């Protein structure tokens, strides 16, 4: 009986020692798992950032930037104030709030001098603009930005009198992967 008690005591001590070692190893594995999870999250974030940058870089090529600028110019230079359209009617999807502040309307309202006559005597001015083409020159800035210098040709009609117009525009584009166009005018 004495031998059995000693064997049981040794087995009990060994079991307790094994259990303590098991719990210690388990805690170490949990700590290592937390560290590795944080590293994986960091690597995933870096991967996603790199993937976005690569996508932006692929989109920032001459052809795609010129196509985005061309879509903007067509939208910006095609409107009819007689139908209630303004120069901003079609470009909302293409511009940032900063660009909206910068854009000035062609033939916008002018302030009249005091004493110019009755308001009834003034004529309503109607503008029509139609984009007729142009030349675009591309400049890469970085993965998310590009500049386009545009020689813009359009046909402007004011109260039924039309004329051909050519102007220079500098367009700053920024990559916007969430939009269908892929770029916004800055």
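The values are calculated or read from the model by the stated rules, or taken from the named source; none is laboratory data. Keep in mind the model is a prediction, meaning the values are calculated, not measured. All Cβ positions, glycine included, derive from the backbone under ideal geometry; neighbour counts span all protein chains shown.
Considering only residues that are under 16 Å from the mean Cα position of the chain (by Cα) and loosely packed, with under 14 Cβ neighbours inside 10 Å, look in the range 59-92 and name the one that is farthest from residue 124 (Cα to Cα).
61
For the subset of the range 139-170 comprising residues that are free of Cβ contacts under 8 Å to residues at least 60 places away in the same chain and buried (at least 16 other Cβ atoms within 10 Å of the Cβ), which member is nearest to the chain's Cα centre (by Cα)?
Taking the candidates together, the pick is 147.
Kindly check whether there is at least one residue in the range 142-153 that is touching a helix residue (DSSP H, G or I) at 6+ places or on another chain (Cβ under 6 Å), outside any strand (DSSP E or B), at pLDDT below 80 and closer than 14 Å to residue 71 by Cα.
Looking for residues that are touching a helix residue (DSSP H, G or I) at 6+ places or on another chain (Cβ under 6 Å), outside any strand (DSSP E or B), at pLDDT below 80 and closer than 14 Å to residue 71 by Cα, one finds none in the range 142-153, hence no.
All but one of (1) in contact with a helix residue (DSSP H, G or I) (Cβ under 7 Å, 6 or more places away or on another chain); (2) at pLDDT 85 or above hold for residue 24; state the number of the condition that does not hold.
(1)
Take residue 56 and tell me if it is closer than 28 Å to residue 93 by Cβ, touching a helix residue (DSSP H, G or I) at 6+ places or on another chain (Cβ under 7 Å) and surrounded by 10 or more Cβ atoms within 10 Å (Cβ to Cβ).
Taking the combined requirement at face value, the residue does not satisfy it.
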